[in-house]
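Just so you know, all these numbers are worked out from the coordinates, no wet-lab data involved. From a predicted model like this one, the values you see are computed outputs, not experimental measurements. FYI the Cβ positions are ideal-geometry reconstructions off the backbone, even for glycines, and counts take in every protein chain you see.
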Amino acid sequence: MTAFKSYAQQDTSRVEQYCEVVATGRFLSNKVTIDIDYGEERSIWKDNRIKDENGKLKKFNTVIDAINYLGKSGWRLVNAFPVSSGNGSVYHYVFKKEFRKADTE
């Protein structure tokens, strides 16, 4: 009996993925609510805001608190810009993170 060894090559190529973070102030509060757009199909039935490990809406003290949270998760800030609306400005932040190509397909 002959044993055959098979060595599967693993794809180690990497690809950058981007997301857009939208920070809006909360009514009568200094805290902000963060919504993340990963480029997936959006639905009014799906809430894309960041949630904690218990599934509760993650509340940030400031925008910097949210940026630090994403930074700890490996995301890197690329650009930031405000967009004026009727009630003030909504801040947009573009982040990028490197993933294994196989994990994004």
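Counting only residues that are farther than 25 Å from L28 by Cβ and not hydroxyl-bearing (S, T, Y), the stretch 48-79 holds 10 of them.
Here the stretch 11-51 is the region considered, the condition is being touching a residue at least 12 places away in the same chain (Cβ under 8 Å), assigned to a loop (DSSP other than H, G, I, E, B) and among the polar types (S, T, N, Q), and the residue that is surrounded by the most Cβ atoms within 10 Å (Cβ to Cβ) is N48. Scanning the stretch 60-98 for residues that are touching a residue at least 40 places away in the same chain (Cβ under 8 Å), surrounded by 13 or more Cβ atoms within 10 Å (Cβ to Cβ) and outside any helix (DSSP H, G or I) turns up W75, V78, V90, Y91, H92, Y93, V94, F95, K96, K97.
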